[in-house]
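Here's the structure, in structure tokens; my notes come after.
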Amino acid sequence: MSQISLSVPDISCGHCETTVRNALQDKPGVNSVDVDIPAKTVFLDYDESAFSLEQVKEVLDEEGYPVAGTGEGGQKRSFIPLSSI
């Protein structure tokens, strides 16, 4: 499993959040999608053997929310279970 955060500068409202979440959540290997509107960031927990980072970027681009930067993109993210808070 991979947990990444992607900078998506065009996210600005609840509609954007819903569009991004709906575009990714049913893809094979995607376990969870979280969108932080103020930070303009998408957090994704997924199985990279079933759904690649390149495919994630393609889906977001097709929806009109390209990932910032041209490199590999994405940073590892640690998830804290709500039950531990």
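The values are calculated or read from the model by the stated rules, or taken from the named source; none is laboratory data. In this text, all values refer to a predicted model and were calculated from it rather than measured experimentally. Counting neighbours? That spans all protein chains shown, and the Cβs are built from the backbone with ideal geometry, glycine included. Remember, those area values only see protein heavy atoms, side chains included, never the ligands or the DNA or RNA. Shrake-Rupley method; radii C 1.70, N 1.55, O 1.52, S 1.80 Å.
Before moving on, here are some points about what is shown:
- Any hit, region 4-13, residues being in a loop (DSSP other than H, G, I, E, B), surrounded by 17 or more Cβ atoms within 10 Å (Cβ to Cβ) and under 12 Å from the mean Cα position of the chain (by Cα): yes
- Pairs with Cβ under 9 Å, 6+ apart, first in region 1-27 and farther than 18 Å from Phe51 by Cβ and in contact (Cβ under 8 Å) with a residue 60 or more places away in the chain, second hydrophobic (A, V, I, L, M, F, W, C) and crowded, with 17+ Cβ neighbours inside 10 Å: Ser7/Val42; Ser7/Val67
- Selected residue [touching a residue at least 60 places away in the same chain (Cβ under 8 Å) and either open to solvent by 30 Å² or more (accessible area, probe 1.4 Å) or more than 9 Å from the chain's Cα centre (by Cα) (or both)] from Ala39, Ala68, Ala50: Ala68
- The set of residues in region 23-46 being at pLDDT 95 or above, within 14 Å of Gln3 (Cα to Cα) and in a loop (DSSP other than H, G, I, E, B) is empty.
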